[in-house]
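The values are calculated or read from the model by the stated rules, or taken from the named source; none is laboratory data. This structure is a prediction, so every number in the text was calculated from the model and none was measured. When we count neighbours, we look across all protein chains shown, and the Cβ atoms used for this are built from the backbone with ideal geometry, even at glycine. Just so you know, the surface numbers come from the protein's heavy atoms only, side chains and all, with ligands and any DNA or RNA stripped out. Shrake-Rupley method; radii C 1.70, N 1.55, O 1.52, S 1.80 Å.
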Amino acid sequence: MQRGWFARRSPAERVAMDEMNDAWVKCNGCQQILFARDFERNLKVCPRCGHHHRLSARERIDLLADADTFVERDAEVVSADPLGFPEYADKLSRGRANSGLPEAIVSGVCNLSGIPIVLAVADFAFMGGSMGSAVGEKVARAMEYALEQRLPVVICSTSGGARMQEGLLSLMQMAKTCAAAARLHEAGVPYISVLTDPTMAGVLASYASVGDVVIAEPGALVGFAGQRVAQQAQVVKPPPNFQTAEFQLEHGMVDIVVPRKELKHTLHRILRFFTGG
Amino acid sequence: MRTVLDFEKPIAELDANIEALKRLTAEQGIDKSEQIAALEQDRERLLREIFRNLTPWDRTLLARHPQRPYTLDYIRAIFDDFIELHGDRQFGDDGAIVGGMAWLNDKPVMVIGQQKGRDLKERQRRNFGMAKPEGYRKALRLMYLAEKFGRPVVTFIDTPAADPGVESESRGISEAIARNLREMMLLRVPIVSVVIGEGGSGGALGIAVADRVLMQEYAIYSVIPPEGCAAILWRDAKRAPEAAEALRLTAHDAQRLGVVDEVVEEPLGGAHRDPLAAAQRVKEALLRHLAPLQKLSVSKLRESRYERYRNLGVWRVAVE
Ligand SMILES: [Zn+2]
């Protein structure tokens, strides 16, 4: 959401504008000015063009979990700086400030329309939702808990990929999370992966792609290589919808593209197929 | 054409001098053996000196050295009766990943590896060692074949990255890698991986989930190429040497982080100066690691593979 669309004004005007900014937002899709209230009520989906704006982890948990049922787990698992990597400590504190979260993913248990599940939701505001050791650990623990309790797992991803600042250790989280997913797979515990804007690289190429069902939100950026790398490597010209949810659907990599207002209901229907009857 | 890295230049000069003296001896029967011996001693001293002080960036260049032995070179040197098998049975045959049946002394094993090209034509055919989805799917097909007949799997890792292009995206490069990560975790036969050159992020890992991961002394293993890392960090790809330092991508770093079980020494000056000696050391390490793995029960094998990856990572416990 782009707020502050009248940056160069006098202080008095700016106060007035700030109040207005609380009332108005600009759509990232069609650039139209929208009533903030309508926008929020519409789950941050533009009522005019349907653009799905990013949700914070908390907002998405509110969207999916039945009221007052979410109980967070493993909140104490947070990033260290194992390589002493340049600027990482600063980026971590900024990530915490930007997201209001201790780490880039929130996990726990809740009910979804009455069905108990393990739910993990990433937050792009925390270092682009990137996966370091702590994120990998939380995903693995969430899956292991689901295996132990035989609860279905829903993971909503939003991530630029593996977190560069932890080097090889981040890369290894791809294997670690897929190891946990492998155990769910063998045990027949359902795992639904929800790809939200953006789900890229090391996260898409690991746990996010091995769900029993893979759902994506409309318009979400979903792909392997960053757009710049992909463009450079092009022999074939990329189609206009390259690396979107719709592109992945068209190419058989995603089961369903589900608008946000139907996400909870769709998840419920899928969970019932696996657990009900 | 031979490539000589900047820090190899003094050595290359000595190589040339020694070569010239040897030619003189051979062609004109002039005995230069004393001079040759002296120069060879100088060369050895110089090699030791230079290779004691390699930076992570020097090692990156060595890992990418155009004369470095590639997967098929190691396969030829290490195994007997290699039968290459082609294709993923779904789309095509990817030249960037080779695989097939081979004998390691008296033991049948399935060998798979990323393959770079030696000349321009082969580089294109091998796509610079950057595999597409069909490469990862071929690798998985061969692993299933190995599993069916109880044969262990050996993989050689040498790729800058998985192919990032439109074709790869269209055929599900992420899915292909992710599936391999999951299925390799469940495979019922031992897997040993050897990083022999560039261990380029997810593209490398896609065939490198193993019970033992070995790494040659001058190979690298990284989540991102140093150039890409520098471009993100400092908006300047030329600062790659600094990024190489920060990323901890050397073999000894990988071992310290628990990612690699053994660093396999290379001949003085790097594997390309003596490919057969380099291969011999890899062979010894493979035999040493495969033997105990083959004695484990399937459940013990898979349990310890799970634990191996489950325990990777360093995080902290927040105190409120
Ligand atoms: Zn709009």
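Within region B:155-178, residues that are within 17 Å of A:ALA201 (Cβ to Cβ) and more than 7 Å from chain A (Cβ to nearest Cβ) reach partners that are of a type in the set (Lys, Arg) and part of a helix (DSSP H, G or I) with beta carbons closer than 6 Å, at six or more positions or on different chains, in the pairs B:ALA176/B:ARG137.
If a residue has to be assigned to a loop (DSSP other than H, G, I, E, B) and either within 22 Å of B:ASP158 (Cβ to Cβ) or outside the structural domain of B:VAL282 (by TED's automatic domain parsing) (or both) to count, how many in region B:232-257 make the cut? Spell out how you get there, then give the answer.
Restricting attention to region B:232-257, the residues satisfying the condition of being assigned to a loop (DSSP other than H, G, I, E, B) are B:235-236, B:248-249, B:257.
Checking the rest, the ones that are also either within 22 Å of B:ASP158 (Cβ to Cβ) or outside the structural domain of B:VAL282 (by TED's automatic domain parsing) (or both) come to B:248-249, B:257.
Residues in region B:232-257 being assigned to a loop (DSSP other than H, G, I, E, B) and either within 22 Å of B:ASP158 (Cβ to Cβ) or outside the structural domain of B:VAL282 (by TED's automatic domain parsing) (or both): 3 in total.
For region B:98-134, a residue qualifies if it is open to solvent by 20 Å² or more (accessible area, probe 1.4 Å) and part of a helix (DSSP H, G or I), and the qualifying residues are B:LEU120, B:LYS121, B:GLU122, B:ARG123, B:GLN124, B:ARG125, B:ASN127, B:PHE128. What are the residues in region B:202-238 that are facing chain A (nearest Cβ under 8 Å) and touching a Gly at 6+ places or on another chain (Cβ under 7 Å), if any? Passing the criteria: B:GLY202, B:TYR221, B:SER222, B:VAL223.
Hey, any hits in region A:108-131 for a residue that's without any contact (Cβ under 8 Å) to a residue 24 or more places away in the chain, under 20 Å from B:VAL223 (Cα atoms) and open to solvent by 10 Å² or more (accessible area, probe 1.4 Å)? There is no residue in region A:108-131 that is without any contact (Cβ under 8 Å) to a residue 24 or more places away in the chain, under 20 Å from B:VAL223 (Cα atoms) and open to solvent by 10 Å² or more (accessible area, probe 1.4 Å). The single condition from (1) touching a residue at least 40 places away in the same chain (Cβ under 8 Å); (2) over 15 Å from A:PHE85 (Cα atoms); (3) in contact with a Leu (Cβ under 7 Å, 6 or more places away or on another chain) that B:GLN255 fails is (3). Here A:GLU144, A:GLU87 are screened, and the one residue that is more than 18 Å from the chain's Cα centre (by Cα), surrounded by fewer than 24 Cβ atoms within 10 Å (Cβ to Cβ), closer than 20 Å to B:ILE232 by Cα and within 14 Å of chain B (Cβ to nearest Cβ) is A:GLU87.
For B:ALA243, the conditions (1) at the interface with another protein chain (Cβ under 10 Å from one of its Cβ atoms); (2) within 22 Å of B:TYR136 (Cβ to Cβ); (3) crowded, with 24+ Cβ neighbours inside 10 Å all hold with the exception of (2). Of the residues making up region A:24-73, those that are among the β-branched types (Val, Ile, Thr) and within 13 Å of the ligand (Cβ to nearest atom) are A:VAL25, A:ILE33, A:VAL45.
Condition check ((1) in contact (Cβ under 8 Å) with a residue 60 or more places away in the chain; (2) not in a loop (DSSP other than H, G, I, E, B)) across all residues:
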{"residue": "B:THR60", "(1), (2)": "yes, yes"}
{"residue": "B:PRO66", "(1), (2)": "yes, no"}
{"residue": "B:PHE82", "(1), (2)": "no, yes"}
{"residue": "B:ASP94", "(1), (2)": "no, no"}
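Whenever a residue of region B:112-130 is free of Cβ contacts under 8 Å to residues at least 24 places away in the same chain, its partners that are surrounded by fewer than 23 Cβ atoms within 10 Å (Cβ to Cβ) and not charged (D, E, K, R), lying with C-beta atoms within less than 6 angstrom and at least six residues away or across chains, give the pairs B:ARG123/B:GLY117.
If you scan region B:168-190, which residues turn out to be part of a loop (DSSP other than H, G, I, E, B) and under 13 Å from B:GLY135 (Cα atoms)?
First, the residues of region B:168-190 that are part of a loop (DSSP other than H, G, I, E, B): B:171-172, B:187-190.
Within region B:168-190, B:ARG171, B:GLY172 meet the criteria.
Here region B:216-231 is the region considered, the condition is being among the hydrophobic types (A, V, I, L, M, F, W, C) and in a helix (DSSP H, G or I), and the residue that is farthest from B:GLU262 (Cα to Cα) is B:ALA231. For region B:282-307, residues that are touching an Asp or Glu at 6+ places or on another chain (Cβ under 8 Å) and either surrounded by fewer than 19 Cβ atoms within 10 Å (Cβ to Cβ) or not assigned by TED's automatic domain parsing to the domain that holds B:ILE75 (or both) total 1.
Just checking, does region A:169-190 include any residue being more than 7 Å from chain B (Cβ to nearest Cβ) and surrounded by fewer than 19 Cβ atoms within 10 Å (Cβ to Cβ)? Walk me through it before giving the result.
Of region A:169-190, the ones more than 7 Å from chain B (Cβ to nearest Cβ) are A:177, A:180, A:183-184, A:187-190.
Those left that are additionally surrounded by fewer than 19 Cβ atoms within 10 Å (Cβ to Cβ): A:187-188.
Yes, region A:169-190 contains a residue that is more than 7 Å from chain B (Cβ to nearest Cβ) and surrounded by fewer than 19 Cβ atoms within 10 Å (Cβ to Cβ).
Give the residue that is farthest from A:GLY108 (Cα to Cα), with candidates limited to residues of region A:54-84 that are open to solvent by 30 Å² or more (accessible area, probe 1.4 Å) and small (Gly, Ala, Ser). It comes out as A:GLY84.
A:PHE247: open to solvent by less than 10 Å² (accessible area, probe 1.4 Å), aromatic (Phe, Trp, Tyr) and either closer than 30 Å to B:SER222 by Cβ or in contact with a Ser or Thr (Cβ under 6 Å, 6 or more places away or on another chain) (or both), yes or no? Before you say what the answer is, go through the steps one by one.
Values: open to solvent by less than 10 Å² (accessible area, probe 1.4 Å): yes; aromatic (Phe, Trp, Tyr): yes; either closer than 30 Å to B:SER222 by Cβ or in contact with a Ser or Thr (Cβ under 6 Å, 6 or more places away or on another chain) (or both): yes.
Spelling it out, A:PHE247 is indeed open to solvent by less than 10 Å² (accessible area, probe 1.4 Å), aromatic (Phe, Trp, Tyr) and either closer than 30 Å to B:SER222 by Cβ or in contact with a Ser or Thr (Cβ under 6 Å, 6 or more places away or on another chain) (or both).
Residues satisfying the criterion are present in region A:81-91 (criterion: without any contact (Cβ under 8 Å) to a residue 40 or more places away in the chain, assigned to a helix (DSSP H, G or I), under 30 Å from B:ARG235 (Cα atoms) and away from the ligand (no atom under 12 Å from the Cβ)).
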